[in-house]
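Enquirer: Following this message is one structure expressed as structure tokens.
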Amino acid sequence: MPRVVDVPALVEQARQGRPRAVARLVSLVEDASPALREVMAALAPHAGRAYVVGLTGSPGVGKSTTTSALVTALRERGLRVGVLAVDPSSPFSGGALLGDRVRMQDHAVDPGVYIRSMATRGHLGGLSWATPQALRVLDGAGCDVVLVETVGVGQSEVEVAAMADTTLVLLAPGMGDGIQAAKAGILEIGDVFVVNKADRDGAQATVRDLRNMLGLGEARQPGDWRPPVLTTVASRREGLDELLAALDKHRAWLEEGGRLRARRVRRAADEVEAIALAALRSRIGDLRSGDALERAAAEVVDGRTDPYSAADRLVAAVTSG
Ligand SMILES: Nc1nc2c(ncn2[C@@H]2O[C@H](COP(=O)(O)OP(=O)(O)OP(=O)(O)O)[C@@H](O)[C@H]2O)c(=O)[nH]1
Ligand SMILES: [Mg+2]
């Protein structure tokens, strides 16, 4: 039985940082609840506080370990931190990511940390639809920084990068990873690159390969961001200070001259466009079940109109009401 959602109360409680309310709102996102429209409207005036850092990379490179270490460091700065572990391959939350949750136990009793995993497979619109809305919830709940961990499979890393202010790409030693990076196009999306597991052989070679692939020698426009390639041993928190410094530096660069805002406007444009297209598609679907589309199609077949004019009429019909 779907419960009736008291959206204003829920949003107010989430704004006070009550974890259960935040959890409930993220579940509404996960379930694509009809109440979401009201939730998003209620959250809108409170938007724009959280800085979003995306972490991506192949399975097992150390994303969760790094996330946990970053949480500790950000908490030391007195910041409220949200962690969103997005699993693009699982239809259930909690399952595949249980290991991450366990690893996050250090933070389990800290009221300044909110940790949540979210499943998006089989989701209408998938990861790119659900994640921005979950981020809005965490933003509205007063998180200063939200770390989004996504395992790099398929398009997921590119999609997550599109939602983050700063994207951190993790790799581990071994040429395989380097080749994978080039293939998946993650060279373009990374703002900061980390070769984790630097306690293993081949870390420096991976750093070198990566720097070569990034073409750091190439001339760039003055003022362009040059993605740094760092090494860490996340399990021992080695290299974390340098990583934090690199994240700070990228944020400062983005904030200079309005780059951050421009990035966020582009991101919101994608989100609005996706929602608008989904609405149009569903209305055109309604036409399909009626006979307007059928009639227009018959006119095209009979030569009484052309497909462009028929499509114009269809668009006019679905947007006029
Ligand atoms: N040797 C070594 N092991 C590490 C390091 N960082 C993490 N690990 C280990 O690598 C394993 C995977 O780490 P996770 O942090 O779970 O990696 P992940 O990228 O989140 O993994 P998925 O979420 O499953 O994709 C764990 O056993 C970690 O303890 C490191 O710097 N060196
Ligand atoms: Mg993980």
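The values are calculated or read from the model by the stated rules, or taken from the named source; none is laboratory data. Bear in mind that the values here come from a model prediction, so they are computed numbers and not experimental data. Cβ sites come from the backbone with ideal geometry, for glycine too, and all protein chains shown count toward neighbours. The accessibility values were calculated without ligands, DNA or RNA, using every heavy atom of the protein model including side chains. Shrake-Rupley method; radii C 1.70, N 1.55, O 1.52, S 1.80 Å.
Enquirer: Within the stretch 45-60, restricting attention to residues that are open to solvent by less than 10 Å² (accessible area, probe 1.4 Å) and within 15 Å of Asp87 (Cα to Cα), which residue is farthest from ligand 2 (Cβ to nearest atom)?
Expert: Selected residue: Gly54.
Enquirer: Please work out if Val29 is at pLDDT below 90, buried (at least 16 other Cβ atoms within 10 Å of the Cβ) and β-branched (Val, Ile, Thr).
Expert: Yes: the conditions hold for Val29.
Enquirer: May I ask you to list the residues in the stretch 191-215 that are in contact with a Lys or Arg (Cβ under 9 Å, 6 or more places away or on another chain) and in a loop (DSSP other than H, G, I, E, B)?
Expert: Asn196, Asp199
Enquirer: I'd like to verify a number: residues in the stretch 220-258 that are open to solvent by 100 Å² or more (accessible area, probe 1.4 Å) and either among the hydroxyl-bearing types (Ser, Thr, Tyr) or more than 16 Å from ligand 1 (Cβ to nearest atom) (or both), how many?
Expert: The qualifying residues number 5.
Enquirer: Further, regarding this structure: On the basis of being surrounded by fewer than 12 Cβ atoms within 10 Å (Cβ to Cβ), in a helix (DSSP H, G or I) and modelled with pLDDT of 95 or more, does Ala276 make the cut?
Expert: no
Enquirer: Go through (1) open to solvent by 10 Å² or more (accessible area, probe 1.4 Å); (2) at pLDDT 90 or above for Val71 and report which single condition fails.
Expert: (1)
Enquirer: Another question, if that's okay. Within the stretch 198-219, can you find the residues that are at pLDDT 90 or above, touching a strand residue (DSSP E or B) at 6+ places or on another chain (Cβ under 7 Å) and either loosely packed, with under 14 Cβ neighbours inside 10 Å or among the charged types (D, E, K, R) (or both)?
Expert: Asp199, the sole residue that qualifies.
Enquirer: Do the conditions hold for Gly142, that is, is it at pLDDT below 85, part of a loop (DSSP other than H, G, I, E, B) and surrounded by fewer than 24 Cβ atoms within 10 Å (Cβ to Cβ)?
Expert: no
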